[in-house]
Amino acid sequence: MKKQEIVELIKGEFNPSEAIEIISIIIENKIRFNNQLIFSKEERNEGDTTYLKDRIKELERSKARVINLIREIKDSSTMVKVHSEIHIDLIQQE
């Protein structure tokens with residue numbers, strides 16, 4: 001059994017401050033979620049959290065790069081087009 005679904009999470013044009021806000025909120029929520037997973041795994045002594053910690057660092061770097069890119073906009077008429085999809089696959093474990 002393999003099923004797929006694609007969800008358009010963000011689709012639109014935003015002024016720079018709106019773009020920074022929406023991107024920051026989404027990335028910060030993902031970082032918060034990963035931190036909660038780390039806390040839970042460490043409290044229950046349930047294995048390695050290295051991947052989650054590395055992923056948080058990667059998300060923080062991505063957020064900083066995007067914010068820096070958008071902050072470079074000098075022209076007040078420049079909009080930021082943002083499109084984000086979530087790809088979901090259901091895969092039966094054997």
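The values are calculated or read from the model by the stated rules, or taken from the named source; none is laboratory data. Everything quoted here is computed from the prediction, not taken from an experiment. Don't worry about glycine lacking a Cβ; one is built from the backbone with ideal geometry, like all the others, and counts go over all protein chains shown.
Set side by side, the residues Ser40, Ser62 differ, and just one is of a type in the set (S, T, N, Q) and under 15 Å from the mean Cα position of the chain (by Cα), which is Ser62. Only one of the numbered conditions (1) in contact with an Asp or Glu (Cβ under 7 Å, 6 or more places away or on another chain); (2) modelled with pLDDT of 95 or more is violated by Thr49, and that is (2). All conditions but one from (1) at pLDDT below 95; (2) surrounded by 10 or more Cβ atoms within 10 Å (Cβ to Cβ) apply to Asp89; the one that does not is (2).
Comparison of Arg65, Arg32, Arg71, Arg44 shows that the only residue that is exposed (fewer than 14 other Cβ atoms within 10 Å of the Cβ), basic (Lys, Arg) and touching a Pro at 6+ places or on another chain (Cβ under 8 Å) is Arg71. Taking first residues from the range 6-34 that are basic (Lys, Arg) and partners that are modelled with pLDDT of 95 or more and not in a helix (DSSP H, G or I), the Cβ contacts under 6 Å between residues at least 6 apart in sequence or on separate chains come to Lys11/His83.
On the stretch given as the range 6-40, residues that are part of a helix (DSSP H, G or I) and either touching a helix residue (DSSP H, G or I) at 6+ places or on another chain (Cβ under 8 Å) or of a type in the set (Val, Ile, Thr) (or both) total 16. For Lys3, state whether it is over 29 Å from Gln93 (Cα atoms), surrounded by fewer than 11 Cβ atoms within 10 Å (Cβ to Cβ), of a type outside the set (S, T, N, Q) and in contact (Cβ under 8 Å) with a residue 12 or more places away in the chain. Judged against the criteria, Lys3 is not a match. Filtered by the rule that a residue be outside any strand (DSSP E or B) and in contact with a helix residue (DSSP H, G or I) (Cβ under 9 Å, 6 or more places away or on another chain), the range 78-94 gives Thr78, Met79.
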